[in-house]
Amino acid sequence: MPAGFLAGFSRRPVDFERAPTPNVTDVDDEGYSIERAAEITGVGRHALRYYERIGVLAPVARDAVGHRRYSEGDLGAIGFVTLLRDTGMPIRDVHRFMELTRGGDGTVPDRVTLLRAHRDAVRARLEREGRHLRAIEAKVAFYEGKVPAGEQHDDQQPNDEQREVIA
């Protein structure tokens, strides 16, 4: 997903299931083409069609000649689907979540349950990744201690900004 796509969401509380996307100057009243939706969201055209075909996305509106026209709401849904996928949620769970979303307010408890389980899985993965990172950092420090000062690679030498902090 391009940097900045979800950046507009952080400025205010947002209901991700009905989230508008950041303002884009070239939107018309009929919505976005699949090419433009792919560009904005960072999700390929084939993936957008696939998500619609399997029911992750609700059917997308079509213009008079049958081309998909994505609304702001569609782009918000794509953004949240991407967030869930990027954080490791299996496609079957993303599908279930999006079905629940379309089911109305009566499904909110089920959505909360699904999101809590995913949140817990993400937290566990981050804790594991943090342990792995600390082990790698310790190994780097160990090996850096074994490299004679004159034989360090350029990436080990401090740059000008780091030298200022050190001094």
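Can you tell me which residue within region 27-49, out of those that are acidic (Asp, Glu) and modelled with pLDDT under 95, is surrounded by the fewest Cβ atoms within 10 Å (Cβ to Cβ)?
Quick first cut of region 27-49, residues acidic (Asp, Glu) only: 28-30, 35, 39.
Filter once more, keeping what is modelled with pLDDT under 95: 28-30.
Values: Asp28: 9, Asp29: 5, Glu30: 12.
Checked region 27-49; the qualifying residue surrounded by the fewest Cβ atoms within 10 Å (Cβ to Cβ) is Asp29.
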Q) Would a scan of region 50-68 turn up a residue that is at pLDDT 95 or above, surrounded by fewer than 17 Cβ atoms within 10 Å (Cβ to Cβ) and of a type in the set (Phe, Trp, Tyr)? A) yes
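Determine whether Leu133 is in contact (Cβ under 8 Å) with a residue 12 or more places away in the chain and part of a helix (DSSP H, G or I). Give the steps one after another, and end with the answer.
Values: in contact (Cβ under 8 Å) with a residue 12 or more places away in the chain: no; part of a helix (DSSP H, G or I): yes.
Criteria not met by Leu133.
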Check your understanding: For region 87-107, does any single residue satisfy the condition of being surrounded by 10 or more Cβ atoms within 10 Å (Cβ to Cβ), polar (S, T, N, Q), modelled with pLDDT under 95 and in a helix (DSSP H, G or I)?
Key -> no
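The values are calculated or read from the model by the stated rules, or taken from the named source; none is laboratory data. Computed from a prediction, not measured in an experiment: that's the story for all the values here. Methodologically, a virtual Cβ is constructed for each residue, glycine included, from the backbone with ideal geometry; neighbour enumeration extends over all protein chains shown.
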